[in-house]
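Have a look at the structure below before the remarks.
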Amino acid sequence: MRAARNPNPAIAAAVAAVAAAAFAGTFWFDAVPEGLPGLGAVDFPRLVCVLLFGLAALLALKQGNPSSEEEAPRIDRGAWLIFGACLLFLPAMEIAGIWGAIPLFLVFTGTIWGEVPLRTLVLNAIGLTAALWLVFVRVFQLTLPSGWLGAAFGY
């Protein structure tokens, strides 16, 4: 039996790759007028990405307990689909806007995880999207990316 290597650096690299893709995607957000108080539509996602980079660095530095090849589970198809959904979130937001991309992401990933009826996933996605819209648009008065479809419909 051959001992497996410490998986933490590989996992940290994957998290950092997603954070880098998300950070790069913020350069294509719609421009926000100067002088608005608080974090803008670009600042908050970038802050989250920087935090993910920091957590990935801490994970890479942590010495894990390497498991044996037999103990390490294979990464299944669902995990790869979730990873792909995370990478496709920003392009979906560019097309459908944030208010279209969030429910699509929630329903898609919930379907992959399974064991929840589609009706429940759709209702939860609509409810969470509406709650986020109320908080960020109505309370904080932020302008968030509307995407190509939102621009086409005048949002």
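Points to keep in mind about this one:
- Screening residue 142 with (1) without any contact (Cβ under 8 Å) to a residue 40 or more places away in the chain; (2) not in a helix (DSSP H, G or I) gives one miss only, at (1).
- Count of residues meeting criterion [surrounded by 15 or more Cβ atoms within 10 Å (Cβ to Cβ), among the polar types (S, T, N, Q) and out of contact with any Phe, Trp or Tyr (no Cβ under 6 Å at 6 or more places or on another chain)] in segment 130-155: 1
- Among residues of segment 60-85 that are farther than 15 Å from residue 17 by Cβ and at pLDDT 90 or above, those with a Cβ under 7 angstrom from a residue that is assigned to a helix (DSSP H, G or I) and of a type outside the set (Asp, Glu), sequence gap 6+ or separate chain, pair up as 81/112.
- Segment 92-125, subset of a type in the set (Gly, Ala, Ser) and not in a helix (DSSP H, G or I), residue surrounded by the fewest Cβ atoms within 10 Å (Cβ to Cβ): 114
- Failed criterion for residue 34 (all others in (1) modelled with pLDDT of 85 or more; (2) farther than 20 Å from residue 83 by Cβ hold): (1)
The values are calculated or read from the model by the stated rules, or taken from the named source; none is laboratory data. None of these values were measured; they are calculated from a predicted model. Note that we place each Cβ from the backbone using ideal geometry, even for glycine, and neighbour counts take in every protein chain shown.
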